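Chemist: Just dropping this structure here.
The values are calculated or read from the model by the stated rules, or taken from the named source; none is laboratory data. Values in this document were obtained by computation on a predicted structure and should not be read as measured data. Glycine gets a Cβ as well: all are built from the backbone with ideal geometry, and neighbour counts include every protein chain shown.
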Amino acid sequence: MSGLSEEAVRTAVLDWFHGAWDPNLSLLEWRDVLVDSRWAVPSWSSDWFGRDLPAWADRVAHATIRQAGGVAVPLGAGFGLAAPTMYDHGSDALKHKYLRRTLTGELAWCQLFSEPGAGSDLAGLKATAVRDGDEWIVNGQKVWNTSADHADMGILVVRTNWDEVKHAGLSYFVIDMHQDGVEVRPIEQMNYYNSFNEVFLSDARVPHENMVGSEGDGWKVARGTLAHERSFSTQRNAFVGSESKGRVVDEATDEATEYLKTYEWYPQRMGRVDLVIERAQAMGRVDDPIVRQELMKLISFQRASEWTAGRAKAGRELGRPPGSEGSIGKLALSEVARRCNQVHTMIAGPRGLLREGDDPMDTVIAEVLVSTPAQSIAGGTDEIQRNILGEGILGLPKEPATDRGMPFRTVGKTVEKTAGKTVGKTDGTTGKTTDS
């Protein structure tokens, strides 16, 4: 089937769907049928639930099923990040253990990468795993972990070798989130949402067979996950309420509603450019020449950024590797958010401080003003995106780094001093933090 066109794939999916669809099944039962049909991930190998089709076949198959009134694959980090990472880098034993249950949505997942001292510089992380027979003992802290509060499993990057340079000493694991050594605490944001968590790992245990790739491959595998993350965000609107009735649709609707709660403030994070003209009219500012000028500059820039995003999407669908458009697009979204913040502030004036007011839109605008700073941080800071463009695309010299080429044991033993007292000294053997 490798030579099929998109139209031929749609036809094949519809032929299968009309014979297989049973709205009275449970969601899990239906997804079992979907996985068995090999239309859940047709781009994967026939050895692992696929049909050896091009990457675009996944998108076509899922869209066709939804348009026909059915339910496709699960939303979330399981299908979007964990499954493709395990498929690309995991052992056969690991795939047998987790892939099917992830594709059906039986397992919920979260991502455990960032740390309080290692966000943009992910390779500088200090959470540590120490080998203990057939298991690894994990200690450390992770942060900004979406869905960790209800995840069954996590994809985890930790340091397993302190004598290598920082990138080479990392390993990648799949960890059970329900064990005693894992504590999840919600983070309250300044916009009053609790979308993220911090996770504390205290002598948590991971079987050696749950390592993804080999020891020391953590950076390579993590980069693979981050590559999948570029397309992961497009899943958030992948489930559209169907006119179909039945148990499958009801359960899928509940699943999607719960999942999307995490992202309900994300439109505000992006600035709500769609509201600026409406708000200018409602507030009587649309004839102000300065406001009009800023509206024009904002909307012109936003339209141009959409064209860049369109080029990136077209390139991915043609199978091209990610290029500069991804970082340019990310920077453009940050700039749109900042400009929206400025324009909404100009239009709303002091009303922009109201969390609640006579006009329900006051709440939305207040959320915009406190949410937009996150756009420049999430998914790779603006500074990181500029480094990627400068070094990878423009060929500029790499940013100076004092730790380049040094064993991380040397870098990781940096001692912080607060008011003359030594605190937070990292033990390079266990990875635990001690106070002295």
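Chemist: Does Asp163 count as exposed (fewer than 15 other Cβ atoms within 10 Å of the Cβ) and of a type outside the set (A, V, I, L, M, F, W, C)?
Modeler: Here the answer is yes, as Asp163 does meet what is asked.
Chemist: Are any residues in segment 114-152 closer than 27 Å to Tyr259 by Cβ, at pLDDT 95 or above and touching a helix residue (DSSP H, G or I) at 6+ places or on another chain (Cβ under 7 Å), and if so, which ones?
Modeler: Result: no residue meets the conditions.
Chemist: Another question, then. Here are Gly319, Gly380: which of them is surrounded by fewer than 16 Cβ atoms within 10 Å (Cβ to Cβ), under 22 Å from the mean Cα position of the chain (by Cα) and in contact (Cβ under 8 Å) with a residue 12 or more places away in the chain?
Modeler: Gly319
Chemist: Checking Leu295 against (1) over 30 Å from Gly352 (Cα atoms); (2) modelled with pLDDT of 90 or more, only one condition comes out false. Which one?
Modeler: For Leu295, the exception is condition (1).
Chemist: Looking for something of a type in the set (Ser, Thr, Tyr), under 21 Å from Arg320 (Cα atoms) and either free of Cβ contacts under 8 Å to residues at least 60 places away in the same chain or outside the structural domain of Ala68 (by TED's automatic domain parsing) (or both) - is there at least one such residue anywhere in segment 29-41?
Modeler: No: zero hits.
Chemist: Further question: Restricting attention to segment 69-81, and to residues there that are more than 26 Å from Leu318 (Cβ to Cβ) and small (Gly, Ala, Ser), which single residue is farthest from the chain's Cα centre (by Cα)?
Modeler: Restricting to residues being more than 26 Å from Leu318 (Cβ to Cβ) and small (Gly, Ala, Ser), the top hit is Gly69.
Chemist: Can you pull out every residue in segment 194-212 that is in a strand (DSSP E or B) and modelled with pLDDT of 95 or more?
Modeler: Residues satisfying the conditions are Asn197, Glu198, Val199, Phe200, Leu201, Ser202, Asp203, Ala204, Arg205, Val206, Pro207, Met211.
Chemist: Follow-up question, since we're still on this one. Go through segment 174-209 and count every residue that is of a type outside the set (D, E, K, R) and within 15 Å of Gln111 (Cα to Cα).
Modeler: Summing the residues that are of a type outside the set (D, E, K, R) and within 15 Å of Gln111 (Cα to Cα) in segment 174-209 gives 13.
Chemist: Which ones in segment 83-104 are under 18 Å from Tyr259 (Cα atoms) and surrounded by fewer than 21 Cβ atoms within 10 Å (Cβ to Cβ)?
Modeler: Residue satisfying the conditions is Arg101 alone.
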